[in-house]
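Inspection log for the structure reproduced underneath, given as structure tokens.
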Amino acid sequence: MIPVCEPSISKREEELVIDCLRTGWISSAGKYIDLFEESWAAYCGMGHGIAVSSGTAALQISVRLLDLKPGDEVIMPSFTIISCAQAVTECGGVPVLVDSDPVNWQMDVSQIRQKISPKTRAIMVVHIYGHPADMSPIMDLAEEFGLKVIEDAAEAHGAEYKGRKCGGMGDISVFSFYANKLITTGEGGMVLTRSDELGEKARDLRNLCFQKSRRFYHEDLGYNFRMTNIQAALGVAQFERIDQIVERKRSIAKAYWDRLKDATGIVLPVEEPWGRSVYWVYGIVLETVTRMNNEQFSQRLFVQGVDTRPFFLGMHEQPVFHKMGLFVNEKYPVAERLARQGLYLPTGLTIKENEIDQVCNAVRRGLM
Ligand SMILES: *Cc1c(COP(=O)(O)O)cnc(C)c1O
């Protein structure tokens, strides 16, 4: 079976992790935490990096930084992972959804303005599947209405929008370093910000809001979202190879494009002229002529030894939110179509050329 995603771990990761074990620096104190935070923040062009235990934790902290009042709204795409919407509801806020762009699958920026209300506090933009969202209109709206911008760049390490790194444009940005992401710490995440004040607040929230001068005295409630030095050591070693990893992902995407560009019945991912995608995954969308949904097609690939994953199911189709009275009867046709027709092919960093051939042959046969 050709797996969907596989990390690439080298001798360097081993060396740095063993250094933590031998020196006893295994908790959330240690030099690799600082080094990982500083290098990742600098790479993205942000001033502060706060390493945390997951991308979901990073989103949670980001939304806490907005200081939402009950009922305050955060605009986001329906087509994303639940961590985004959950971070908002857990802070007493209301996620307000927009549909996806049918061509690049990112948040449809033309739908944001009509969703802005007096309660809107922020736009949470998600760079989906390694491709940047169209940031200029988002930043313009944020400025016009005094909104904060949170960038969820958990799938877009190294991706660029008009020459700027994803995760380097908003007020706050978020990364995940889960094992299937472009660079990994096993489990992990990071909050980035340019603001000294928000950076300090994020550090407090990560560590239970202990006070510096009086440790067991709390003026606010935080979390234990600390990353370990061992995880950060993995991250430092992975970061040393970021350019290589991005190039590798792009070359896998190119290989798929070359082999599948004239296959009928599927739509391949685009790269907008203003963006540089890192193709975190290689998503394809089945056209209606195939009369198949992603489940059926995925089964056809599975029996040929190819593992795939379906696209996200939009937030407006989640029973958990309906139970909370959210998004009832809302319709986002593009997100709905992507959820039923979209799936992604194997793009593990260790995939071989002949395996890509095998996947593409399986896709062609599956379409017959
Ligand atoms: C992976 C992912 C997350 C969550 O990251 P975890 O580390 O798994 O908690 C958040 N947002 C997006 C867009 C993701 O792909």
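Observations on the model:
- Residue within the stretch 293-301 that is within 23 Å of Ala156 (Cα to Cα) and not aromatic (Phe, Trp, Tyr) present: no
- Condition check for Glu144: at pLDDT below 95 and open to solvent by 60 Å² or more (accessible area, probe 1.4 Å): no
- Flag for Glu240 being within 16 Å of the ligand (Cβ to nearest atom) and either open to solvent by less than 10 Å² (accessible area, probe 1.4 Å) or at pLDDT 95 or above (or both): no
- All of Gly305, Gly283, Gly275 fail the test of being of a type in the set (Gly, Ala, Ser), at positive phi and in the same structural domain as Tyr332 (by TED's automatic domain parsing), apart from Gly305.
- Listed by first and then second residue, the pairs linking a residue in the stretch 122-150 that is in the same structural domain as Gly93 (by TED's automatic domain parsing) to a residue that is within 11 Å of the ligand (Cβ to nearest atom) and in a helix (DSSP H, G or I), with Cβ atoms under 6 Å apart and 6 or more places separating them unless they lie on different chains, are Met124/Cys84; Ile150/Ser62.
- Scope the stretch 67-82; condition open to solvent by 10 Å² or more (accessible area, probe 1.4 Å) and either hydroxyl-bearing (Ser, Thr, Tyr) or within 27 Å of Val334 (Cβ to Cβ) (or both); matching residues: Asp72, Glu73, Ile81, Ile82
- Exactly one residue out of Trp25, Trp105 is aromatic (Phe, Trp, Tyr) and either within 20 Å of the chain's Cα centre (by Cα) or farther than 19 Å from Gln231 by Cα (or both), and it is Trp105.
- Scanning the stretch 168-182 for residues that are surrounded by 24 or more Cβ atoms within 10 Å (Cβ to Cβ), within 12 Å of Glu155 (Cβ to Cβ) and touching a strand residue (DSSP E or B) at 6+ places or on another chain (Cβ under 9 Å) returns Val174, Phe175, Ser176, Phe177.
- Strands (runs of 3 or more DSSP E) (entirely within the stretch 80-185) containing at least 1 residues that are away from the ligand (no atom under 16 Å from the Cβ): 94-98, 120-126, 148-152
- Of all positions in the stretch 193-214, none carries a residue that is within 16 Å of the ligand (Cβ to nearest atom) and open to solvent by 70 Å² or more (accessible area, probe 1.4 Å).
For (1) touching a residue at least 60 places away in the same chain (Cβ under 8 Å); (2) open to solvent by 40 Å² or more (accessible area, probe 1.4 Å); (3) farther than 21 Å from Leu205 by Cβ, each residue gets a yes or a no:
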| position | (1), (2), (3) |
| --- | --- |
| Glu15 | yes, yes, yes |
| Gly55 | yes, no, no |
| Arg64 | yes, yes, no |
| Ala87 | no, no, no |
| Gly92 | no, no, no |
| Val103 | yes, yes, yes |
| Ile116 | no, no, yes |
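- Among the residues of the stretch 325-368, just one is open to solvent by 20 Å² or more (accessible area, probe 1.4 Å), under 21 Å from Pro310 (Cβ atoms) and among the hydroxyl-bearing types (Ser, Thr, Tyr), namely Tyr344.
The values are calculated or read from the model by the stated rules, or taken from the named source; none is laboratory data. Values in this document were obtained by computation on a predicted structure and should not be read as measured data. Every residue, glycine among them, receives a Cβ derived from its backbone with ideal geometry; neighbour counts consider all protein chains shown. To get the accessible areas, we keep the full protein, side chains included, count just its heavy atoms, and leave off ligands, DNA and RNA. Shrake-Rupley method; radii C 1.70, N 1.55, O 1.52, S 1.80 Å.
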